[in-house]
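Student: Starting off with a structure, shown below.
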Amino acid sequence: MAHELIKEKEYFQRVLEVIFQKIKRLESEYNRISPYVYAVGDLFNDWEYETKKLEALRIKREYEPKLNNLKRLQKEPYFGKIHLVIHDEKKEYYIGQDDIIDTHNKQHVISWRTELGDLFYKRLPSVKLKNGTIVIINKTRSFTIKNGSLESFKDFEIIREENHLSDLLTAYKQYISSDFLQNQLVNRNAQMLRPILQTIDQKQNEIIRMSMNRPIVVQGVSGSGKTTMGLQRLSYIMYHFEKKYNKSASILAICPNDIFLDYINELVPNLSLQSVKFMTIQQLFNKLLPKGI
């Protein structure tokens with residue numbers, strides 16, 4: 001176990017270095033292009049100059065959100081890991097909030113919103129991917145990371161029994177009673193949304209990943225996690241929209257009141273939802289209805 005922890009800490013430091021280099025490149029690009037933001041050119045006589053200025057404005061607009069996201073990833077670049085067998089070859093994938101790819105196009109972390117990220121939550125002996133590939137899941141690993149430092153991990157072996165229902169029930173009991181999950185839930189309020197990505201259960205995972213082209217109604221008692229799951233689904237939809245169309249989705253989310261809106265705004269940065277517009281129903285009416293009504 002001690003040897004495994006050392007290896008995990010070494011990998012953690014390598015991922016942090018990748019993020020650090022991404023921050024340096026982002027800042028360098030911003031410093032290179034920023035003089036053009038305030039430049040004055042002649043649209044008719046110097047088209048290239050104006051093009052550079054427009055590009056500079058785009059980079060300036062995207063700079064702060066990207067930088068803030070990278071700094072958040074420095075605190076916790078990933079939260080889990082899956083051990084798979086694909087085509088008789090053992091593979092390991094680290095699961096986090098966002099994809100982390102270095103300059104050589106090597107992927108160090110996979111977003112929880114991807115198909116492989118989905119496997120972290122299924123906890124089934126085998127899964128058939130969309131391309132027909134059969135994946136065997138040996139175990140999943142969850143990490144405890146505090147203040148940008150990896151402290152420990154907990155493995156969850158995938159139980160294999162002839163009775164599939166017995167397998168699911170036994171695995172669920174093992175997970176729900178684990179010290180790791182209890183510790184995450186006890187510290188839930190202090191750590192906000194961080195542990196919630198680790199503790200999504202199978203039913204919640206199904207709802208989050210349902211087709212984007214169908215309406216969904218989720219019923220539950222107060223405090224059961226409906227809002228959190230809705231934000232996670234919104235994050236999932238936006239991730240795949242941007243991957244498919246190579247542009248940000250324009251989404252307006254309506255909240256019942258200001259208290260609710262304040263709560264959501266605290267969670268938004270953890271799910272990369274900064275581009276989503278949130279407003280209360282009252283704010284929406286004030287915006288749409290003629291003045292004086």
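Student: Does L116 satisfy being open to solvent by less than 80 Å² (accessible area, probe 1.4 Å), under 26 Å from R32 (Cβ atoms) and modelled with pLDDT of 90 or more?
Tutor: It is false that L116 is open to solvent by less than 80 Å² (accessible area, probe 1.4 Å), under 26 Å from R32 (Cβ atoms) and modelled with pLDDT of 90 or more.
Student: Condition first: of a type in the set (F, W, Y), buried (at least 16 other Cβ atoms within 10 Å of the Cβ) and outside any helix (DSSP H, G or I). Can you find one or more residues in the range 236-244 that meet it?
Tutor: no
Student: Can you pull out every residue in the range 128-159 that is aliphatic (A, V, I, L, M) and within 20 Å of T199 (Cβ to Cβ)?
Tutor: I137, I145, L150, I158, I159
Student: Can you tell me which of N131, N69, N138, N105 is open to solvent by 30 Å² or more (accessible area, probe 1.4 Å), closer than 30 Å to D155 by Cα and part of a strand (DSSP E or B)?
Tutor: N138
Student: Next up: Select from the range 29-66 the residues that are touching an Asp or Glu at 6+ places or on another chain (Cβ under 7 Å), surrounded by 11 or more Cβ atoms within 10 Å (Cβ to Cβ) and at pLDDT below 70 and list them in ascending order.
Tutor: Result: G41, single match.
Student: Now a separate question. Whether any residue in the range 123-138 is within 19 Å of Y11 (Cβ to Cβ) and within 16 Å of the chain's Cα centre (by Cα) is what I want to check.
Tutor: There is no residue in the range 123-138 that is within 19 Å of Y11 (Cβ to Cβ) and within 16 Å of the chain's Cα centre (by Cα).
Student: Could you tell me which residue of the range 155-185 is modelled with the lowest pLDDT, considering only residues that are open to solvent by less than 90 Å² (accessible area, probe 1.4 Å) and assigned to a strand (DSSP E or B)?
Tutor: For the range 155-185, the residue satisfying everything is F156.
Student: Could you give me the residue pairs with C-beta distances under 8 Å whose first residue belongs to the range 260-278 and is open to solvent by 40 Å² or more (accessible area, probe 1.4 Å), whose second residue is among the β-branched types (V, I, T) wherever it lies, and which are 6+ apart or on separate chains?
Tutor: Taking only residues 6 or more apart or on different chains, the pairs are F260/T227; F260/T280; Y263/T227; Q274/V268; S275/I251; K277/I251.
Student: I'd like the full set of residues that are under 19 Å from C255 (Cβ atoms), free of Cβ contacts under 8 Å to residues at least 60 places away in the same chain and among the small types (G, A, S), limited to the range 211-240.
Tutor: Those that are under 19 Å from C255 (Cβ atoms), free of Cβ contacts under 8 Å to residues at least 60 places away in the same chain and among the small types (G, A, S): G220, S222, G223, S224, G225, G230.
Student: Which one is surrounded by the fewest Cβ atoms within 10 Å (Cβ to Cβ) among residues in the range 7-28 that are charged (D, E, K, R) and in contact with a helix residue (DSSP H, G or I) (Cβ under 9 Å, 6 or more places away or on another chain)?
Tutor: For the range 7-28, the residue satisfying everything is E27.
Student: Let me ask something additional. Looking only at the range 245-259, how many residues end up being at pLDDT below 80 and open to solvent by 80 Å² or more (accessible area, probe 1.4 Å)?
Tutor: 2
Student: Among the candidates I200, I254, which residue alone is in contact with a helix residue (DSSP H, G or I) (Cβ under 7 Å, 6 or more places away or on another chain), assigned to a loop (DSSP other than H, G, I, E, B), among the hydrophobic types (A, V, I, L, M, F, W, C) and touching a residue at least 12 places away in the same chain (Cβ under 8 Å)?
Tutor: I200
The values are calculated or read from the model by the stated rules, or taken from the named source; none is laboratory data. Since this is a predicted model, take the numbers as computed values, not measurements. Methodologically, a virtual Cβ is constructed for each residue, glycine included, from the backbone with ideal geometry; neighbour enumeration extends over all protein chains shown. What goes into the accessible areas is simple: the full protein's heavy atoms, side chains included, and nothing from ligands, DNA or RNA. Shrake-Rupley method; radii C 1.70, N 1.55, O 1.52, S 1.80 Å.
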